[in-house]
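Engineer: Right, I'll just put the structure down here and ask away after.
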Amino acid sequence: MKKVLALVFLFQLYGPSLCQNGTRPNIVMVMSDAFDGRLTFDPGSKVVQLPYVNYLRELGTTFLNAYTNSPICCPSRAAMWSGQFVHLTQSWNNYKCLDANATTWMDLLEANGYLTKMMGKLDYTSGSHSVSNRVEAWTRDVQFLLRQEGRPVTQLAGNMSTVRVMRKDWENTDKATQWIQQTAASSHQPFALYLGLNLPHPYKTESLGPTAGGSTFLTSPYWLGKVSSELITIPKWLPMAAMHPVDYYSTFTKNCSGVFTEEEVKSIRAFYYAMCAEADAMLGQVISALRETGQLNNTVVIFTADHGELAMEHRQFYKMSMFEGSSHVPLLIMGPGLTSGLQVNQLVSLVDLYPTVLDIAGISAGGILSGHSLLPLLSKANIFSKKRHPDWVLSEYHGCNVNTSTYMLRSGRWKYIAYADGLSVPPQLFDVTLDKEELHNVVIKFPDVRAHLDKLLRSIVDYPKVSTAVHLYNKEAFGAWRHSLEGNYSQVIANLRWHVDWQKDALANERAIDKWLYGSL
């Protein structure tokens, strides 16, 4: 805590302007994976100690309503790096995102004289993630119900002296701080550094074999000591029979339809918060390296995440949902010339980071962008913007563990969620001001609000047309993958993550796929 207070004092003393001594500021972004944005402001911030998030909050700007543009790793990052909504780049799932040669804001910084470095988890181009992950996304329209994830569990590692649990993230954080100390500090160019963390994303459950996904919340007693267990809330759940059909599907495929004790749920949430505390320490190491090399006073620091984590809210873990735990991300920005201690209610999303970063660097953002610069909301100077930020944000999802394309529009007090073609699956409407737990779908009670928001959504994206395009892509991609396997297809598909449920009735499941792929049999 003394170290954090010292940083606060030094920044207040020496960090008064956006471009110190007339130079362009350095830019450092730390992007975590699956960090619930509600933990960065009260009351969520009270449940776990996050000293460096609090440091950014005190000396920078906190966005209270920041959202992912797609609640899954690769499409979300594709939106952040490109500044475009995922339907514009056709970033449909973790396997299909941006082309490897796509122009990012980091490319433009480099082209305009910045020394640049990207480290850690990048995950915004096509071709990555497991075979299971892509096949589950392709076959989400098939009429079967199979568990795709391991049941969420907790695992304790080490003892009270075990600080470095997520070793890969710490290795990348060490490399980032070394780059700051050895390369950036001696450069005469402004620099831009991106560090991508895996934490607090759940770990792979090794006991489930090589195809398993991430369903283990793992931490040490040291980090659990940062969590105020008495403040952990137990989320309310709707009965399975009362769930929206898409939420029911997600709960089942995420292996959360069984019985969970209150103690299990509280433990999962505690371990998740502890993992957030470890990620915060990595952010702190980067900030400390900037201070120790004399760079902090002229550096804009951005902390965010690709999406959140449900942590057993709505009887689910993981992301892939438009509920707040999954879609609400942290966004804190601190730097010279930027307002300190400011909390902004404006609805914003990750596509806004592309024009914001370029605006901070004094670079014109050309091309068609979905985002808007946030600098007018941040700067101490009175900056005029020709392009006013809209009063809505869009998020969409087309991947696995959800059986239809999903579109979320946040506007004012409302969250409107539309599905597929807008007709075959009923929409949802939540008043997030009165119903923070999102347990009361009021779409029937407020038909005029539904009509207004659906019209607004369709003016932003022709979502029935996009849903059709995704459906056709899924069929074509799955068909090509199946053809590539030739005689090994039946064996491969039976041994993906859903293998336990698949093998209960493999013949029926194969027939269901054939019916979906080729029509009525």
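The values are calculated or read from the model by the stated rules, or taken from the named source; none is laboratory data. Please read these numbers as outputs of a predicted model, since none were measured by experiment. All Cβ positions, glycine included, derive from the backbone under ideal geometry; neighbour counts span all protein chains shown. Heads up: the accessible areas ignore ligands, DNA and RNA and are worked out on the full protein's heavy atoms, side chains in. Shrake-Rupley method; radii C 1.70, N 1.55, O 1.52, S 1.80 Å.
Engineer: Once you put a point 7 Å from the Cα of SER490 and another 7 Å from the Cα of GLU171, both along the Cβ direction, what distance in nm separates them?
Structural biologist: Rounded to a tenth, the inter-label distance reads 4.1 nm.
Engineer: If you take every DSSP beta bridge fully contained in the chain, what fraction is antiparallel? Give it as a percent rounded to 5.
Structural biologist: For the chain, the DSSP antiparallel bridge percentage is about 50.
Engineer: Let me ask something else. What is the projected area of the convex hull of the Cα atoms of the stretch 328-403, averaged over all directions, in nm²?
Structural biologist: Averaging across all directions leaves 6.6 nm² for the Cα convex hull.
Engineer: Name the residues of the stretch 422-438 whose amide N is less than 14 Å from a point 7 angstrom out from the Cα of THR233 along the C-beta direction?
Structural biologist: Residues passing the 14 Å test: 432-438.
Engineer: Once R0 is set to 41 Å, what does the formula 1/(1 + (r/R0)^6) return for the Cβ-Cβ distance between ASN112 and GLU264, expressed as a FRET efficiency to the nearest 0.05?
Structural biologist: 0.20
Engineer: Taking Rh as the Kirkwood radius, which is the inverse of the mean 1/r over Cα pairs, what is the Rg/Rh value for the stretch 232-305?
Structural biologist: Answer for the stretch 232-305: 1.23.
Engineer: I need the calculated FRET efficiency for the pair ALA100 and ASN345, taking r as the beta carbon distance and R₀ as 51 Å, to the nearest 0.05.
Structural biologist: It comes out at approximately 0.85.
Engineer: Give, rounded to the nearest 20 debye, the magnitude of the charge dipole that the stretch 120-188 has about its Cα centre when Lys and Arg contribute +1 at Cβ and Asp and Glu contribute -1 at Cβ.
Structural biologist: In total the dipole reaches around 140 debye.
Engineer: In addition: Taking θ = phi - 60°, what integer Hz values does the Karplus form 6.51 cos²θ - 1.76 cosθ + 1.60 yield along the stretch 217-229, in sequence order, with x for Gly and Pro?
Structural biologist: Running phi through 6.51 cos²θ - 1.76 cosθ + 1.60 with θ = phi - 60° gives 8, 10, 7, 10, x, 4, 6, 4, x, 8, 9, 8, 4 Hz.
Engineer: For the chain, find the longest principal axis of its Cα atoms and tell me its angle to the long axis of helix 73-82, 0 to 90°, nearest 10.
Structural biologist: Relative to the chain, helix 73-82 is tipped by roughly 50 degrees.
Engineer: Any number yet on Rg/Rh for the stretch 29-72, C-alpha, Kirkwood?
Structural biologist: Ratio of gyration radius to Kirkwood radius for the stretch 29-72: 0.95.
Engineer: Still on this model: Counting only protein heavy atoms, what percent of the accessible surface of the chain is carbon or sulfur at a 1.4 Å probe?
Structural biologist: Carbon and sulfur atoms account for 53 percent of the accessible area of the chain.
Engineer: Using only Cα atoms and rounding to the nearest 10 degrees, what angle (0 to 90) does helix 2-14 make with the longest principal axis of the chain?
Structural biologist: Here the helix axis deviates by roughly 60 degrees.
Engineer: Going by amide H atoms built from the backbone, whose H comes under 5 Å of the H on SER32, apart from near neighbours?
Structural biologist: For SER32, the qualifying residues are LEU197, THR304, ALA305, ASP306.
Engineer: Let me ask something else. Give the Cα extents of the stretch 366-483 along the principal axes, in whole Å, largest first.
Structural biologist: Largest to smallest, the principal-axis extents are 59, 42, 24 Å.
Engineer: Can you compute the modelled spin-label distance between GLN143 and HIS483, with each label point 7 Å from Cα toward Cβ, in nm?
Structural biologist: 2.6 nm
Engineer: Please list, ordered by chain and number, the residues whose modelled amide H lies under 5 Å from the amide H of SER349; skip anything fewer than 5 residues away on the same chain.
Structural biologist: For SER349, the qualifying residues are TYR67.
Engineer: Test of understanding: express the Cα radius of gyration of the stretch 161-238 as a ratio to 2.2 N^0.38 Å, with N the residue count.
Structural biologist: Relative to the rule-of-thumb radius for its length, the stretch 161-238 sits at 1.57.
Engineer: Name the residues whose placed amide hydrogens come within less than 5 Å of the amide hydrogen of THR139, ignoring near sequence neighbours (fewer than 5 apart) on the same chain.
Structural biologist: When sequence neighbours closer than 5 places are left aside, there are no close amide H contacts.
Engineer: For the chain, restrict the atom set to alpha-carbon positions and state the Rg and Dmax in Å.
Structural biologist: 22.6, 74
Engineer: Can I ask one more? Of the chymotrypsin sites (Phe, Trp or Tyr not before Pro) in the stretch 334-433, which ones lie in a loop per DSSP and count no more than 13 other C-beta atoms within 10 Å?
Structural biologist: Hits after loop and neighbour filter: PHE384.
Engineer: Which translational diffusion coefficient, to the nearest whole µm²/s, is obtained for the stretch 113-164 from the Stokes-Einstein equation, given a Kirkwood hydrodynamic radius over C-alpha pairs, 25 °C and 0.890 mPa s?
Structural biologist: 152 µm²/s
Engineer: If you don't mind, there's one more thing I want to ask. Students often get this wrong: which residues of the stretch 483-521 have the backbone nitrogen under 18 Å from the point 7 angstrom along Cα-to-C-beta of SER424?
Structural biologist: From the stretch 483-521, the list is 512-521.
Engineer: Continuing with the same structure: Can you tally the net charge around VAL265? Count Lys and Arg as +1, Asp and Glu as -1, for every other residue whose Cβ sits under 10 Å from the Cβ of VAL265.
Structural biologist: Once positives and negatives cancel, what remains is -1.
Engineer: Now, a different point. So what is the calculated 222 nm ellipticity per residue for the chain, using -39500 (n - 2.57) for each DSSP H run with n of 4 or more, over all residues, to the nearest 500 deg cm²/dmol?
Structural biologist: Per the formula, -10500 deg cm²/dmol.
Engineer: Once the Cβ-Cβ distance between ARG388 and GLN189 is put in as r, and R0 is 30 Å, what FRET efficiency do you end up with, to the nearest 0.05?
Structural biologist: The pair ARG388/GLN189 has a calculated efficiency of 0.35.
Engineer: Pairs to check: LYS266/LYS445; LYS204/LYS515; LYS96/LYS117; LYS121/LYS204. Give those whose C-alpha atoms are more than 26 Å from each other in this structure.
Structural biologist: In this structure, LYS266/LYS445; LYS204/LYS515 lie more than 26 Å apart at Cα.
Engineer: Convert each backbone phi in the stretch 200-207 into a coupling constant with the Karplus relation 6.51 cos²θ - 1.76 cosθ + 1.60 (shift: θ = phi - 60°), then list the ³J(HN,Hα) values in order as whole Hz, x for Gly and Pro.
Structural biologist: For the stretch 200-207, the Karplus curve yields x, 4, x, 7, 4, 8, 4, 5 Hz.
Engineer: Would you mind working out the accessible area per residue for the chain, using a 1.4 Å probe, and quoting it in Å²?
Structural biologist: Heavy-atom accessible area per residue stands at 40 Å².
Engineer: What do you get for trypsin sites (Lys or Arg not before Pro) in the stretch 403-502 restricted to DSSP loop and a cutoff of at most 11 other Cβ within 10 Å of the site's Cβ?
Structural biologist: Passing sites in the stretch 403-502 are LYS436, LYS445.
Engineer: What is the chain's relative contact order, in percent, from Cα pairs under 8 angstrom and six or more apart in sequence?
Structural biologist: 25 percent
Engineer: Could you tally the net charge around ILE234, taking each other residue with its Cβ under 9 Å from the Cβ of ILE234, Lys/Arg +1 and Asp/Glu -1?
Structural biologist: Neighbour charge sum, excluding ILE234 itself: +2.
Engineer: Same structure again: Take the alpha carbon atoms of the stretch 422-521, find their radius of gyration, then divide it by 2.2 N^0.38 Å using N residues; give the quotient.
Structural biologist: Dividing the Cα Rg of the stretch 422-521 by 2.2 N^0.38 Å gives 1.57.
Engineer: Sticking with this structure for a sec: May I ask you to work out the translational diffusion coefficient for the stretch 289-382 at 25 °C, viscosity 0.890 mPa s, via Stokes-Einstein with Rh from the Kirkwood sum over Cα pairs, reported in whole µm²/s?
Structural biologist: Using the Kirkwood radius from Cα pairs, D works out to 161 µm²/s.
Engineer: Whole percent per 5 Å bin, from 0 to the bin with the longest distance: what is P(r) over all C-alpha pairs of the stretch 146-304?
Structural biologist: Bin by bin from 0 Å, the calculated values are 1, 8, 14, 15, 15, 14, 11, 8, 6, 4, 2, 1, 0.
Engineer: Determine ³J(HN,Hα), in whole Hz, for all residues of the stretch 52-67 in sequence, where each value follows from phi through the Karplus function 6.51 cos²θ - 1.76 cosθ + 1.60 and θ = phi - 60°; x replaces Gly and Pro.
Structural biologist: Working through the residues one at a time gives 7, 5, 5, 4, 5, 5, 6, 9, x, 10, 10, 8, 7, 9, 9, 10 Hz.
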